[in-house]
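Let me begin by presenting the structure, written as structure tokens, before commenting on it.
The values are calculated or read from the model by the stated rules, or taken from the named source; none is laboratory data. Just so we're clear, the structure is a prediction, and the values are computed from it rather than from any experiment. Heads up, the Cβs are rebuilt from the backbone with ideal geometry, glycines too, and the neighbour counts pull from every protein chain shown.
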């Protein structure tokens, strides 16, 4: 499902797992840069245009120093979309210096990027601290990318494939959060655990035969979402026949 619309998927994911315990999502939308950089090419009003400036939020056809017509376009370009302007006191979650934070717009009609202009943006330190306890859109997007390695959309119809992909994404989201909580020296077992001792605590599990025929999927036994994803996939993993058209040449 690499062709999925990320924004639509985020909304669908949050809605699907709305009732899951312990899930709290980021309180504000993620910042997305929508202005155009120098060299960006678009289509607008039946013509092709190239941006001549960085952080260009103007409409093609305006000042000539900001957009230039491409007389012989090499290919069709994406349609121009009006960039988003942040208004005064509007908040967004943005990644600045590789750290997520809650940023507050100090001015109206703000097209700038958080962290680049102190007169336009201010970091809300109190709300930023609270981000440690929530699921970020970036966490879901990363899990979604990881889920694609275990998902073959050709095996399912669209409706069933969507449900399985949602559970695979949740599996990786939970797995990643648990791994992060364990730190670099943590030890999260992947797969059925037979016997494990930590201090005075001893835990024994029954060995599962669920993955005996599909050992590459044993990793999914790490949490309940993975096990559910596998159970949903299992009926479609029993193989199939693909007919290839070909021919033979005489000797």
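Beta carbons closer than 6 Å, at least 6 apart along the sequence or on distinct chains, pair a first residue in region 118-129 that is touching a residue at least 12 places away in the same chain (Cβ under 8 Å) with a second that is crowded, with 17+ Cβ neighbours inside 10 Å and assigned to a loop (DSSP other than H, G, I, E, B) for 120/112; 121/114. A Cβ distance below 9 Å, combined with a sequence gap of six or more or placement on separate chains, defines the contacts here; from region 97-114, residues that are at positive phi reach residues that are buried (at least 19 other Cβ atoms within 10 Å of the Cβ) in the pairs 109/86.
Can you find a residue in region 62-84 that is touching a strand residue (DSSP E or B) at 6+ places or on another chain (Cβ under 8 Å), outside any loop (DSSP other than H, G, I, E, B), in contact (Cβ under 8 Å) with a residue 12 or more places away in the chain and within 30 Å of residue 128 (Cα to Cα)? Checking region 62-84: not a single residue is touching a strand residue (DSSP E or B) at 6+ places or on another chain (Cβ under 8 Å), outside any loop (DSSP other than H, G, I, E, B), in contact (Cβ under 8 Å) with a residue 12 or more places away in the chain and within 30 Å of residue 128 (Cα to Cα).
State yes or no: is residue 3 at pLDDT below 95, out of contact with any strand residue (DSSP E or B) (no Cβ under 7 Å at 6 or more places or on another chain), in a helix (DSSP H, G or I) and closer than 29 Å to residue 134 by Cα? Even if it seems obvious, please write down each step before you answer.
Details: at pLDDT below 95: yes; out of contact with any strand residue (DSSP E or B) (no Cβ under 7 Å at 6 or more places or on another chain): yes; in a helix (DSSP H, G or I): no; closer than 29 Å to residue 134 by Cα: yes.
When the stated conditions are applied, residue 3 does not pass them.
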